[in-house]
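Remarks on the structure that follows.
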Number of protein chains: 2
Amino acid sequence: MIGGEDGGWLTVAGLGPGSEALITPEVNAALNEASDVIGYIPYVARVGSRAGLTLHPSDNRVELDRAAHALELAAQGRRVVVVSSGDPGVFAMAAAIFEALEAGPARWRDLDIRVLPGITAMLAASARAGAPLGHDFCAINLSDNLKPWSLIERRLRLAAEADFAMAFYNPRSRTRSEGFARVLELLREVCGPERPVLFARAVSTPDEQLRFVPLGQACADMADMRTMVIVGSSLTRIIERAAGPILYTPRSAPCLAS
Amino acid sequence: MIGGEDGGWLTVAGLGPGSEALITPEVNAALNEASDVIGYIPYVARVGSRAGLTLHPSDNRVELDRAAHALELAAQGRRVVVVSSGDPGVFAMAAAIFEALEAGPARWRDLDIRVLPGITAMLAASARAGAPLGHDFCAINLSDNLKPWSLIERRLRLAAEADFAMAFYNPRSRTRSEGFARVLELLREVCGPERPVLFARAVSTPDEQLRFVPLGQACADMADMRTMVIVGSSLTRIIERAAGPILYTPRSAPCLAS
C-alpha cells in the first residue's frame, strides 16, 4: 500500500507508447492499488476494469479540470492514478497536476503525490529506428494551443543552429496541418534538403509504421496525431540494410558544422 | 524466441536508472532469452547470473571494442544483450553499436538487431522532482571526451537563448570538475542567479538524493558521476510544501522572456 493508513494518494503514471511490454512494474503496481483511474479517453481505455476500480475517462483539452478532479478525489481519501501515454512529465499530465495544485486550496499541498516515469514516444521511436537521439537533442511540442507560434519558430531556429537532433511531439492538430508545413519549410531553409527525417507512427502498437525521408521530401501529410517526428542533426546518418534502414547519430562531434 | 531458428541476435537494452521496478517486461524477456550479456561492469552486475548465461563485463571507455565484440558474438549465433543504464539510445551503447556496425564487415548488416528503450535518467529525475521537463527541453552530454568544449559552450548558449529547460548527462568526469564549473558560470551569465537547478543523484536506488538550489548557489561539487542535473527554463517554478518542494515547468508559455 502506498500512502498512509487510510489516506488517499495521487499518482501520475506513464503508460508508455502502447505495448504492455513497455509498461514498468511500478506503474502496474500503482494501477493495481488504485480506486480511481483518470485520464484522456484512449489512455483510460488501456487500463483493464476490475471490481473496486472506477474509471474516469475525459476528453482532450480539459487537462486542468481533470487535474483538479484528481486532486480533489485524492483529498477525499481515494487512491487515484492519473494516466498519461508515454511519460507523464513530457508534454503530459504531470505539469497540469502541478498547475492545478499551485492554484488550488492549500490543503492539497499535504497530499501524497508521486510521478511514475514511462517510456516516452521519442525514445520508443528512436529505439525502433536505431539511435537518432544518440548525441545531444531537444524535444519540442509543436502544438500552438499553449504557446505562440513566434516562440515555436524562434526555438526551432536556435535548436537548428545549436545542431541538436530534434524530436517533435504533436506535429499536427486534429484539424490543421499548416503549422507543421511551416516547420518543415523553416527547417529546410536552415538544415538543407538532405537532413534525414523519421516519421514514427503508433510505435509498439499493431498500427506501427516507420518512414525515413530526407527533409526535402518530407511533407506535413506524413504525420497525423499518432506520429512522432525526429529530425536528425548534421551528423545523423543512415545505414542501409536489406532488413530496413538504421538511423543513428554517432556519439562524437568532431566540430560544429557551420 | 527472438530471431531465426538457430540464428543469433543482438539486443541493446535499457535497464533504467536503477530500480528493478523501472525495468520494462520487454527488457526482462530479452535478458531471460540471452546467452551472453555485455556491458560496463556496474550495469552487467545488475543482471543475475544463471546457467547458460555468460556475463561479459568491461571497463568504461571501451565502447567500440565492446560493440564489435557483441556484433561478432551475434554473428556466431549467440543471443546477445548489450546492457545500458537508463535508455540505450541516450548517450549510451546503441549509437556505439551502430558506429561499429557501419565500420565493420558487411555480413554484420544481416544480423537481427533490436534496441529496447528504457527509463532514461532525466525522466526518472524529473518524475521524482515534479515535472521540470513539462515544456520544451533539451538533453546535453557535458562530457568533452567525444566533442570539443567549444561546441558544448556554443550549444549551451543557444539552448539558454531558446529558453529550453536543460538536462545534463555526465556533468562531471571521474577526475575533473572544471568543465562543469564553467557550465554553471556560463549559465549564470545568461540565465541569472534565480533559475532553479535540480541535482538528482542515483534516482530510484538506495543512494537517491535530490537537491534543489538556485543557479546562483549551484556549484560543481554538488554533482558526481551518478548525478543528473536539470536546469529550469525561465518559466520553471517551485511549489513549497512540508513534504518537500515540487519543481515543475507549466505547459503554457505566454511569450518568450527576452
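The numbers here are math on the coordinates, done by the rules we state, and not lab data. It should be emphasised that the depicted structure is a prediction, and the values quoted were computed from it without experimental measurement. All Cβ positions, glycine included, derive from the backbone under ideal geometry; neighbour counts span all protein chains shown.
Kirkwood analysis of chain B, using all unique Cα-Cα pairs, places the hydrodynamic radius at 19.6 Å.
At full extension, B:Arg114 and B:Asn60 could sit 17.2 nm farther apart than now, given 0.36 nm per residue minus the alpha carbon distance. With 0.36 nm allotted per residue and the present C-alpha distance subtracted, the A:Asn28-A:Glu185 stretch has 52.3 nm of extension available. Looking at the range B:135-226, the trypsin sites (Lys or Arg not before Pro) that sit in a DSSP loop and have at most 10 other Cβ atoms within 10 Å of their own Cβ are B:Arg174. If Lys and Arg each add +1 and Asp and Glu each add -1, what is the summed charge of the other residues whose beta carbon sits under 12 Å from the beta carbon of A:Leu53? Combined, the nearby Lys, Arg, Asp and Glu give +1. For the range A:103-258, the relative contact order works out to 28 percent when only alpha carbon pairs closer than 8 Å and six or more residues apart are counted. Spin-label model, B:Ser49 to B:Ala242: label points 7 Å out along the Cα-to-beta-carbon direction sit 5.0 nm apart.
Here the scattering of the protein assembly as shown is modelled by Debye summation over its C-alpha atoms, one equal scatterer each and no solvent; at q = 0.06, 0.13 Å⁻¹ the log10 of I(q)/I(0) is -0.25, -1.32.
The same position A:Asp112 in the other copies lies at 4.4 nm from this copy, comparing label points 7 Å beyond Cα toward the beta-carbon, shortest first.
The order of A:Tyr248, B:Tyr40, going from fewest to most other C-beta atoms within 10 Å of their C-beta, is B:Tyr40, A:Tyr248. Going through the range B:184-239, which GluC sites (Glu not before Pro) have at most 13 other Cβ atoms within 10 Å and a DSSP loop state? Passing both the DSSP loop test and the Cβ count: B:Glu194. Starting from the label point of B:Ala181 at 7 Å along Cα→Cβ, the same points in the other copies fall at 5.4 nm, in ascending order.
Of all residues in chain A, the one whose Cβ lies closest to the rotation axis carrying A onto B, together with that distance in whole Å, is A:Cys138, 2. Taken along the Cα-to-beta-carbon direction at a fixed 7 Å, the label points for A:Cys219 and B:Ser35 span 4.9 nm. Note on B:Ser177 and A:Gln209: their simple-model spin labels are 5.4 nm apart, each label 7 Å out from Cα toward Cβ.
Distances between copies at B:Ser49, taken between label points 7 Å from Cα along the C-beta direction, are 5.1 nm in increasing order.
When you work out D = kT/(6 pi eta Rh) for the range B:1-118 at 4 °C and 1.567 mPa s, using the Kirkwood radius from C-alpha pairs as Rh and the Stokes-Einstein form, the result is 94 µm²/s.
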